[in-house]
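Just below is one structure, and these are the notes that go with it.
The values are calculated or read from the model by the stated rules, or taken from the named source; none is laboratory data. No experiment lies behind these values; they were computed from the predicted model shown. Glycine gets a Cβ as well: all are built from the backbone with ideal geometry, and neighbour counts include every protein chain shown. Heavy atoms of the whole protein, side chains included, go into the accessibility calculation; ligands, DNA and RNA do not. Shrake-Rupley method; radii C 1.70, N 1.55, O 1.52, S 1.80 Å.
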Amino acid sequence: LLTGAALLLGYGGYYICRSNLSVSVPALVADSATGLDRGDIGLISSAGIVAYAAGKAVTGIAGDFFGGRMLFLGGLFLSVVATLGFSVSHGLPAFAAFWVFNRFVQSAGWGGVTKTAAHWYPAGRYGAVMSLLSLSYLFGDAAGRYVLGTLMTGGTGWRGIFIAAAVILAVLGVGAAMVLRDSPRQLGFPEPEVSS
């Protein structure tokens, strides 16, 4: 139960450091100090999607060597770093570099979830478990947009939005790190059957 909750909340938290860009677009464009226009935001966003796709191949292989927990938490905490970096950026190259890095490291999240869940849940329940865990990105995205949108409506600037997103994800990450293990064997329990 704790493993499932850590994966659900942690992966949902990844999305707060994804939805922050779309929530912040009006403020980023309105802030003349950023030097960004809507075209630049589109370029940054598209480059991030390409980095995310490329990262899927790399992080999937890495998960086989380092385990799901390290993959999941590594991507999460590197996303916190990238998000904080974005919050202090100036100019298109810096914004693009931090966003591309953010999306690349975030590609580790779902691979980490599936790799970890495979060791904790029996094959006969894996479909149901993964269906529930897959809700994390929907609820995480919705919650992220709501929380960040509320902050922005309350007067928080775009830099504050990115900092708040990073802090929230870091808190969720610390909680996940405290309870998440690659396998129940690390806690002295047997691992479930891998096939039914």
Karplus-derived HN-Hα couplings along the stretch 55-67 (A = 6.51, B = -1.76, C = 1.60, θ = phi - 60°), whole Hz, x at Gly and Pro: x, 4, 5, 5, 6, x, 5, 4, x, 5, 8, 9, x
HN-Hα J in Hz across the stretch 110-116 - Karplus 6.51, -1.76, 1.60, θ = phi - 60°, x for Gly and Pro: 5, x, x, 4, 5, 5, 5
Cβ-placed point charges (K, R +1; D, E -1), dipole of the stretch 28-120 about Cα centre in debye, nearest 20: 300
Sequence of Tyr52, Tyr137, Tyr146 from largest to smallest accessible area, 1.4 Å probe: Tyr146, Tyr137, Tyr52
With DNA, RNA and ligands ignored, accessible area of Trp110 (1.4 Å probe; Å², nearest 10): 70
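What 222 nm value per residue comes from the helices of the chain, counting each DSSP H run with n ≥ 4 as -39,500 (n - 2.57) and dividing by all residues, nearest 500 deg cm²/dmol?
The helix-only estimate for the chain comes to -27000 deg cm²/dmol at 222 nm.
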Where trypsin sites (Lys or Arg not before Pro) fall in DSSP loop in the stretch 1-84, at most 14 other Cβ within 10 Å: none
Spatial separation of Cα centroids for the stretch 74-125 and the stretch 1-40, in angstrom: 11
The stretch 154-178 residues near the modelled His90 label - backbone nitrogen below 14 Å, point 7 Å along Cα→Cβ: none
Spin-label proximity, Ala143 to the stretch 1-25 - amide N less than 20 Å from point 7 Å beyond Cα toward beta carbon: 1-24
Percentage of interatomic Cα-Cα distances in the stretch 98-184 larger than 18 Å: 57
